[in-house]
Amino acid sequence: MPKSHMGWAKRTIEKTKAETDEEKRIADEKAFRQQQIQMLQLQQQQAMFMGGCMPGSFMPGNCMPQQPGFEFGMQQPGFAMPQPGFGISQQQQQQQQQPGFVMPQPGLGGNSEPSRPIPKRSGPTGPNLQRTRPSSETYYGTVQDWKGKFGWIEPFPAIEHPLAGKHGGKVYVAAQDVLSGPTGGIMGGGLTDGQMVQFCMYIDASGIGAEQVKAMA
């Protein structure tokens, strides 16, 4: 056999072997992930039968819809619930409590402070966009490119949705959507690259995102 034919045959054999090894690696990885999911589901079922479901705990398939943007707004720095007498100075409050006080009317004098225009609130941006949850199904995936406050999840199996390919099949996740604590009732946890998680899917103007995210290990 000529040397050129021998070299071609050798390269063909090596290429076929490499493809076979890659297919075997992918199949082994899928089987390992599926085994981990089955073990986690079995542990959660055992915990539910032994101790019941604690209030605030997170169980797969129990993704209850939330009012968009409400909890996120309460977690922002500087947020405060309105207090009685908001918009009235302390001096005016003291005057109102004195006997015989009459509230000054417009055009009748008095030392009332000029009213201030109410600032206009801009529309929601970033993770506070209007969300829509198409279903209560629980999904699984692996964390990638975690930046401390946000990152991405590569779901497995891949999510079938018209917007799934908007970010290369990856799902956006923000820190405030990560559940932490013993029962998974604390929002605002952190993740690490390569970590396996379970989550619920939502849709907003930016594409597909993950909420109620909980680490599996």
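Tell me, yes or no, whether region 99-122 has at least one residue that is modelled with pLDDT of 85 or more, surrounded by 11 or more Cβ atoms within 10 Å (Cβ to Cβ) and of a type in the set (Phe, Trp, Tyr). No - not one qualifying residue is present in region 99-122.
Residues that are hydrophobic (A, V, I, L, M, F, W, C) and modelled with pLDDT under 90 within region 164-186 comprise Ala164, Ile186, listed in sequence order. Residues in region 131-180 that are hydrophobic (A, V, I, L, M, F, W, C), part of a strand (DSSP E or B) and out of contact with any helix residue (DSSP H, G or I) (no Cβ under 6 Å at 6 or more places or on another chain): Val143, Phe150, Trp152, Ile153, Val171, Val173, Val178, Leu179.
Suppose the filter is outside the structural domain of Ile208 (by TED's automatic domain parsing), in contact with a Lys or Arg (Cβ under 9 Å, 6 or more places away or on another chain), in a loop (DSSP other than H, G, I, E, B) and modelled with pLDDT under 90; does Gly189 pass it? No.
The values are calculated or read from the model by the stated rules, or taken from the named source; none is laboratory data. All figures in this text were calculated on a predicted structure; none of them were measured in a lab. No Cβ is skipped: glycine too gets one built from the backbone with ideal geometry, and neighbour counts run over all protein chains shown.
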